[in-house]
1. Give Ile121, Ile140 a once-over and let me know the one that is closer than 17 Å to Gly10 by Cα and touching a Lys or Arg at 6+ places or on another chain (Cβ under 7 Å).
2. Scan segment 40-58 and give yes if some residue there is touching a residue at least 24 places away in the same chain (Cβ under 8 Å), among the β-branched types (Val, Ile, Thr) and buried (at least 19 other Cβ atoms within 10 Å of the Cβ), otherwise no.
3. Residues that are more than 23 Å from Ser135 (Cα to Cα) and not aromatic (Phe, Trp, Tyr): which helices (runs of 4 or more DSSP H) entirely in segment 8-77 hold 2 or more of them?
4. Return yes when Glu145 is of a type in the set (Asp, Glu) and without any contact (Cβ under 8 Å) to a residue 24 or more places away in the chain and no when it is not.
5. Looking at this structure, is Leu193 surrounded by 14 or more Cβ atoms within 10 Å (Cβ to Cβ) and modelled with pLDDT of 95 or more?
6. If you take the residues of segment 149-190 that are charged (D, E, K, R) and part of a helix (DSSP H, G or I), which of them is surrounded by the most Cβ atoms within 10 Å (Cβ to Cβ)?
7. Taking only segment 111-138 into account, find how many residues are surrounded by fewer than 16 Cβ atoms within 10 Å (Cβ to Cβ), assigned to a loop (DSSP other than H, G, I, E, B) and within 14 Å of the chain's Cα centre (by Cα).
Amino acid sequence: MIKNVVFDMGNVLIRYAPADFIQTFTSNTDHQQLLLNEIFFADEWLLYDRGTITKEEIINNASQRLPETLQAPVTEVMDTWYKMMTPISEMEDVLNRLKKNGYNLYLFSNVSQDFHQFKQIIPGIQYFDGLFLSSDWKCIKPETEIYQKFFTHFELNPSECFFVDDLPQNIEGAATHGMDGHVFDGDIAALKLHFEKSGITI
């Protein structure tokens, strides 16, 4: 029986679209791609989510790789990257219904410590029984270690958990540890249907 419903954050509870954000810095599409490649798509971003690199290190490294004309925006990008994220407001009703029906709710996200600057926009954050941030634990999904630490920290039985994430590899990683899940693509009706098929009352 499912007792715990676990949610990823980006593109599950809030919209995360760095490509749209970068457009506010330059209309040149080549420059947009360079900024994306050297900041959000670079290896350092994963290290940032892992909590093993600082914002200053990302700024320095990205600036060294970028042409001089694009170095100036890097600091502002890193200081404001989360400010255009918006809540997926329909998810608050989902969380509210689950909570009223007696389920424990957990947030399980690959995210840097910048989380604390924007957590107030997360819909239904007041319903969560626990928050598990990758940067607190120095590991990221879909690594085996992070799932093990998640279950141990909250003393959860994986078979009693259901995971909602937007990335198939993260759901697959969860499945290898016995936690069923749903790959969320923005279709809330499909999510609710999967809940019902899994015996989750909503």
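The values are calculated or read from the model by the stated rules, or taken from the named source; none is laboratory data. Note that the structure is predicted; figures quoted are calculated from it, not measured. Here the Cβ positions follow ideal geometry from the backbone for every residue, glycine too, while neighbour counts run over all protein chains shown.
1. Numbers: Ile121 fails: touching a Lys or Arg at 6+ places or on another chain (Cβ under 7 Å).
The match here is Ile140.
2. No, that holds for no residue.
3. Fully inside segment 8-77 and qualifying: 18-22, 29-35, 55-65.
4. yes
5. no
6. First, pick out the residues of segment 149-190 that are charged (D, E, K, R): 149, 155, 160, 165-166, 172, 180, 185, 187.
Keeping just the survivors that are part of a helix (DSSP H, G or I) gives 149, 160, 172.
Values: Lys149: 17, Glu160: 13, Glu172: 13.
Checking each candidate, the answer is Lys149.
7. So the answer is 1.
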